[in-house]
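The values are calculated or read from the model by the stated rules, or taken from the named source; none is laboratory data. As the structure is a prediction and not an experimental result, all values here were calculated from the model. Glycine also receives a Cβ, built like all others from the backbone with ideal geometry; neighbour counts cover every protein chain displayed.
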Amino acid sequence: MEYQFETLQADLFVCRSDIHSFGTDAFLLTGFSGYRAKDRVCDLGTGCGIIPLLMQRVAPPKEVFAVDIQPQAIEQLRLALQKSRSSVAIHPVCADLKQLWPGAPLGQLDLVTCNPPYKCADAGIPSEDPAIRIARHEVACDIRDICGAAAKLLKYHGRLCLCCRPERLTDVMCAMREAKIEPKRLRLVCKSHNSAPWLFLIEGKKGAQPFLQIEPTLFMRSGEGMTSEAAQLCHFGEEYL
């Protein structure tokens with residue numbers, strides 16, 4: 001398998017392949033999560049580790065557990081860490097989130113993030129490649145499994161932040177509540193001012209009372225370039241505007 005290393009900033013790299021790569025949604029989720037320097041974090045279904053790596057760019061969390069069931073994905077993250085600066089506090093974990101892993105920090109984390117498979121197991125035409133199928137369809141885990149794992153890892157009032165397609169919003173909110181994670185913040189993302197939302201970002205808080213704040217819609221593009229608001233959330237430079 002061929003790998004490509006991309007520079008996220010000086011001495012910080014991500015390793016991507018045709019199987020385990022990333023898109024703009026990872027940047028949006030990282031910015032939306034509002035992680036803090038004191039936080040202990042877990043990224044479920046981390047893939048090549050793009051979200052934990054992006055968190056290292058600005059006020060990195062205290063530590064991040066990067067969990068994925070696919071050994072190849074974890075290997076890519078390890079390669080990225082070997083090439084990046086030694087101070088990066090990311091712990092690659094190859095594990096099934098439905099069982100977590102020995103020594104998992106149960107009830108101790110401040111934040112869990114997840115960019116989950118967007119499609120139900122029986123939706124659309126699944127890829128013939130098992131790794132791609134796991135990343136895109138709910139075959140290795142579903143949204144209930146993800147919320148259940150997050151509930152085990154989070155401390156009281158710890159936060160779960162994830163992104164998904166708008167057609168899955170009801171599924172995600174129901175799964176959160178079932179796991180005693182109350183949806184607290186929702187933001188829709190549109191590619192332009194005249195298009196329907198293509199993504200939503202949602203935050204839930206473990207053990208919180210019902211009260212959902214719906215934030216202003218985020219528009220990605222205006223004219224020929226990215227909006228300043230989208231670039232700021234993604235921590236992109238002026239060259240993207």
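Remarks
- Just one of the listed residues (192, 228) is touching a Lys or Arg at 6+ places or on another chain (Cβ under 6 Å), loosely packed, with under 14 Cβ neighbours inside 10 Å and in contact (Cβ under 8 Å) with a residue 12 or more places away in the chain, namely 192.
- Under the condition of being charged (D, E, K, R) and either closer than 26 Å to residue 202 by Cα or modelled with pLDDT under 90 (or both), the residues counted in the range 1-15 number 1.
- Residue in the range 1-18 that is surrounded by the most Cβ atoms within 10 Å (Cβ to Cβ), counting only those that are over 18 Å from residue 114 (Cα atoms) and of a type in the set (A, V, I, L, M): 12
- Taking the criterion of being of a type in the set (Phe, Trp, Tyr) and within 30 Å of residue 108 (Cβ to Cβ), the residues of the range 200-227 that qualify are 200, 211.
- Within the range 200-225, the set of residues being surrounded by 13 or more Cβ atoms within 10 Å (Cβ to Cβ) and either under 27 Å from residue 178 (Cβ atoms) or among the hydroxyl-bearing types (Ser, Thr, Tyr) (or both) comprises 200, 201, 202, 203, 204, 205, 206, 207, 208, 212, 222.
- When the range 1-45 is filtered for residues that are closer than 17 Å to residue 161 by Cβ and β-branched (Val, Ile, Thr), the ones remaining, listed by number, are 24, 30, 41.
- Among the residues of the range 203-224, at least one is under 17 Å from the mean Cα position of the chain (by Cα), under 30 Å from residue 7 (Cα atoms) and modelled with pLDDT of 95 or more.
- Taken over the range 170-187, the criterion of being within 22 Å of residue 152 (Cα to Cα) and part of a strand (DSSP E or B) is satisfied by 181, 182, 183, 184, 185.
- Any hit, the range 47-56, residues being over 16 Å from the mean Cα position of the chain (by Cα), surrounded by fewer than 23 Cβ atoms within 10 Å (Cβ to Cβ), farther than 16 Å from residue 116 by Cβ and not aromatic (Phe, Trp, Tyr): no
- For the range 42-59, the set of residues classified as in a strand (DSSP E or B) and closer than 18 Å to residue 81 by Cβ consists of 42, 43, listed by residue number.
- Looking across the range 188-241, just one residue is part of a loop (DSSP other than H, G, I, E, B), within 18 Å of residue 173 (Cβ to Cβ) and of a type in the set (Asp, Glu), and that is 215.
- The residue of the range 71-96 that is surrounded by the most Cβ atoms within 10 Å (Cβ to Cβ), among those that are at pLDDT below 95 and among the aliphatic types (A, V, I, L, M), is 88.
- Residue within the range 27-47 that is over 25 Å from residue 155 (Cα atoms) and free of Cβ contacts under 8 Å to residues at least 60 places away in the same chain present: no
- The set of residues from the range 1-41 being assigned to a helix (DSSP H, G or I), out of contact with any strand residue (DSSP E or B) (no Cβ under 8 Å at 6 or more places or on another chain) and not aliphatic (A, V, I, L, M) comprises 24, 27, 31.
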